[in-house]
Amino acid sequence: MAKVLVSDSIDPVGVEILSQVAQVDVKTGLSAEEIIQIIPEYDALMLRSSTRVTKEIVEAGSKLQIIGRAGVGVDNIDVPAATRQGIIVVNSPEGNTIAAAEHALAMMLSLSRHIPDANQSVKANKWERNRFIGTEVYKKNLGVVGLGKIGSHVAKVARSLGMKILAYDPFISKERADQLGCTLVDLELLFAESDFITLHVPKTSETQHLIGRETLAKMKPTVRIINCSRGGIIDELALIEALESGRIAGAALDVFEQEPLGESRLRELSNVILTPHLGASTTEAQVGVAVDVAEQIRDVLLGLPARSAVNIPGLTPDVMEKLRPYLQLAETMGNLVSQLAGGRCDSLNVRLQGELATKDSQPLVVAAIKGLLSQALRERVNYVNAAIEAKERGIRVIETRDASTRDYSGSIHLEANGSMGTHSVTGALLSTGEIRITDLDEFPINVPPSNHMLFTLHQDMPGIIGKIGALLGSFNVNIASMQVGRKIIRGDAVMALSLDDPLPEGLLSEITKVPGIRDAYTVKL
Ligand SMILES: NC(=O)c1ccc[n+]([C@@H]2O[C@H](COP(=O)([O-])OP(=O)(O)OC[C@H]3O[C@@H](n4cnc5c(N)ncnc54)[C@H](O)[C@@H]3O)[C@@H](O)[C@H]2O)c1
Ligand SMILES: O=C(O)CC[C@@H](O)C(=O)O
């Protein structure tokens, strides 16, 4: 019989479901070393946010088929390590949305009316009615950073409280924001105009310390900040200084840079409310995420696909086998075209060409959408939710199939319209399975995707390639490979460069100033 280790406390209904197919051991509070010792016996691991699934744990799990996170964020699991080991990682993308949104709203109202302090005061036999004068949220500006599932629900409820919602989410269309009654603004304006700011973004390199010393300095002195998303999105030290000096009025935090929260001056501040990562802690959400994830673990142990895998598509094995090499191609092309077009796309045209023009190839469209959304949603977008996420974001997906073959037996052409205009890419596979970008904005090229890329649209004229090379060299950026594509001599052309280093800040605008360069884009793949 298969064995499942449950390493954090989950609702008993989850254990019941797992017990249908496996021996279930619930062992909470184990250290990493203890997990490493016992994990070789287990076929599946189920956890919440307390267990950190490190590379060492993953590598020790020689029998592990699946790791299930009873919640949204999989940032406590080394997903790349699991993927390399062929372990499916599943989560519950929606099971605790309402719970987390309601916690953020509760934090906002508690802050505005001093509920925790007033409660403590009455319990200490005091009656301090003048000490706890609050502020109303009615007609105040609420800045919502991240208008995804939780942020949208917060925005909807806050609107019914009479608040005006300013939202920042570079990956959400204006139409979607309009539907939610939110005004999309840039971060500067959101920070400057908000009376309350609530964070609902994933933790990524872009959102790490999104709120820090510099940004806090731009806020109103009366602002109150709520973080029920992830620790580290606020620079805690900068926040403490701003609260201590009265630079801002208050904060309510459910998540911390270090969890459990250790020694911290946050505990001494009267204008702060702290909760121990309770966003998902409602009976309903705990049942929801436990059922959602336990069912997926049960199914995978029975040899069935998972419906919410973050690292492997939940497709039937035979279709998977056929399409496997092309799924990565479609995803890479989606990621590339989204970065060229700018995050906020309103349409994606997918043309499947040659041998891919069959009805079985539908997962490739999903893979392209997944790639398109990956900048915005990271591990939260998967093969199951990609199409729904695109629809909810107001992205129109148009599919066409063209059975005629060109240079490759099968290729994928994507065209996206985003905040930086309409751009297109085509990709194909070499017989070795390697990916090639074969067309960019209708200009023929032939380059492999790489980590850091630079594309230019320019006029084909003598000296221009040298100028770009020299400019990159002067900033110590090494070029790994370079290719030019053009249709006519001395007409428009594109340059595709693979770089060994990321482009330093400010260099892109220098490149666009080079005479003959019309546009330049950096891309990270
Ligand atoms: N406190 C808790 O217990 C708790 C419970 C559930 C979820 N969470 C956390 O809440 C957060 C939001 O979850 P969700 O389910 O709404 O996720 P979601 O994926 O539905 O929404 C996240 C949104 O952030 C946007 N985004 C990505 N990068 C951005 C950036 N740089 N700037 C602005 N917006 C950006 C995305 O476009 C997306 O719309 C996650 O970090 C999740 O882990 C916490
Ligand atoms: O397990 C929890 O209680 C927290 C879950 C939450 O942080 C999530 O990302 O889903």
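Only one entry of GLY73, GLY86 meets the criterion of being closer than 28 Å to GLU284 by Cα, outside the structural domain of LYS203 (by the TED database) and not β-branched (Val, Ile, Thr), and that entry is GLY73. Taking the numbered list (1) crowded, with 21+ Cβ neighbours inside 10 Å; (2) closer than 30 Å to LEU105 by Cα; (3) within 16 Å of ligand 1 (Cβ to nearest atom) in turn, GLU259 passes all entries but (1).
Of the listed requirements (1) assigned to a helix (DSSP H, G or I); (2) out of contact with any Gly (no Cβ under 8 Å at 6 or more places or on another chain); (3) not assigned by the TED database to the domain that holds HIS200, PRO40 misses just one: (2).
Across the stretch 186-217, the qualifying residues are those that are in contact (Cβ under 8 Å) with a residue 40 or more places away in the chain and either over 17 Å from SER229 (Cβ atoms) or open to solvent by 70 Å² or more (accessible area, probe 1.4 Å) (or both), and the one among them that is nearest to ligand 1 (Cβ to nearest atom) is LYS203.
For the stretch 434-487, taking the residues that are of a type in the set (D, E, K, R) and not in a strand (DSSP E or B), the one that is farthest from GLU331 (Cα to Cα) is identified as LYS467. Every condition in (1) in the same structural domain as ILE395 (by the TED database); (2) at pLDDT 95 or above; (3) open to solvent by less than 30 Å² (accessible area, probe 1.4 Å) is met by THR422 except one, and the failing one is (3). Does the stretch 443-483 hold any residues that are crowded, with 16+ Cβ neighbours inside 10 Å and in contact (Cβ under 8 Å) with a residue 60 or more places away in the chain, and which are they? Scanning the stretch 443-483 gives PRO449, SER450, HIS452, MET453, LEU454, PHE455, THR456, LEU457, HIS458.
Yes or no: PRO325 under 30 Å from ASP11 (Cα atoms) and out of contact with any helix residue (DSSP H, G or I) (no Cβ under 7 Å at 6 or more places or on another chain)? So PRO325 does not fit the description; no.
Table: residues versus (1) on the phi > 0 side of the Ramachandran plot; (2) more than 16 Å from ligand 2 (Cβ to nearest atom); (3) touching a residue at least 60 places away in the same chain (Cβ under 8 Å); (4) β-branched (Val, Ile, Thr).
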residue: ARG267; (1), (2), (3), (4): no, yes, no, no
residue: PRO276; (1), (2), (3), (4): no, no, no, no
residue: SER281; (1), (2), (3), (4): no, no, yes, no
residue: ALA285; (1), (2), (3), (4): no, no, yes, no
residue: VAL289; (1), (2), (3), (4): no, no, yes, yes
residue: ALA294; (1), (2), (3), (4): no, no, yes, no
residue: VAL300; (1), (2), (3), (4): no, yes, yes, yes
residue: GLY303; (1), (2), (3), (4): yes, yes, no, no
residue: ALA306; (1), (2), (3), (4): no, yes, yes, no
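Test ILE35 against the stated conditions and say whether it is in a helix (DSSP H, G or I), within 17 Å of ASP78 (Cβ to Cβ) and either open to solvent by less than 70 Å² (accessible area, probe 1.4 Å) or at pLDDT below 95 (or both). Spelling it out, ILE35 is indeed in a helix (DSSP H, G or I), within 17 Å of ASP78 (Cβ to Cβ) and either open to solvent by less than 70 Å² (accessible area, probe 1.4 Å) or at pLDDT below 95 (or both).
Considering each residue of the stretch 58-69 in turn, at least one proves to be closer than 21 Å to PRO276 by Cβ and assigned by the TED database to the domain that holds VAL24. Of all the residues in the stretch 127-156, those that are in a loop (DSSP other than H, G, I, E, B), open to solvent by less than 100 Å² (accessible area, probe 1.4 Å) and either free of Cβ contacts under 8 Å to residues at least 24 places away in the same chain or within 16 Å of ligand 1 (Cβ to nearest atom) (or both) number 6. Here is the figure for the stretch 87-116: residues that are more than 17 Å from the chain's Cα centre (by Cα), open to solvent by 30 Å² or more (accessible area, probe 1.4 Å) and either within 16 Å of ligand 1 (Cβ to nearest atom) or among the β-branched types (Val, Ile, Thr) (or both) total 6. In this structure, LEU352 does satisfy being in a strand (DSSP E or B) and either more than 30 Å from ALA493 (Cβ to Cβ) or in contact with a helix residue (DSSP H, G or I) (Cβ under 6 Å, 6 or more places away or on another chain) (or both). Can you confirm whether SER404 is hydroxyl-bearing (Ser, Thr, Tyr) and closer than 30 Å to VAL74 by Cβ? For SER404, the condition - hydroxyl-bearing (Ser, Thr, Tyr) and closer than 30 Å to VAL74 by Cβ - is not met.
Give me the residue from the stretch 339-374 that is open to solvent by 10 Å² or more (accessible area, probe 1.4 Å) and hydroxyl-bearing (Ser, Thr, Tyr) and, out of that set, farthest from the chain's Cα centre (by Cα). If we take residues in the stretch 339-374 being open to solvent by 10 Å² or more (accessible area, probe 1.4 Å) and hydroxyl-bearing (Ser, Thr, Tyr), then THR358 is farthest from the chain's Cα centre (by Cα). Comparison of VAL122, VAL145 shows that the only residue that is modelled with pLDDT of 95 or more, aliphatic (A, V, I, L, M) and under 16 Å from the mean Cα position of the chain (by Cα) is VAL145. Flag set for LEU253, criterion: over 20 Å from the mean Cα position of the chain (by Cα), within 16 Å of ligand 2 (Cβ to nearest atom) and either crowded, with 20+ Cβ neighbours inside 10 Å or of a type in the set (Gly, Ala, Ser) (or both).
The values are calculated or read from the model by the stated rules, or taken from the named source; none is laboratory data. Note that the structure is a prediction, hence the values are computed from the model and not measured. Ideal geometry is used to build each Cβ from the backbone, glycine not excepted, and the neighbour counts take in all protein chains shown. Note: areas computed on protein heavy atoms with side chains; ligands, DNA, RNA excluded. Shrake-Rupley method; radii C 1.70, N 1.55, O 1.52, S 1.80 Å.
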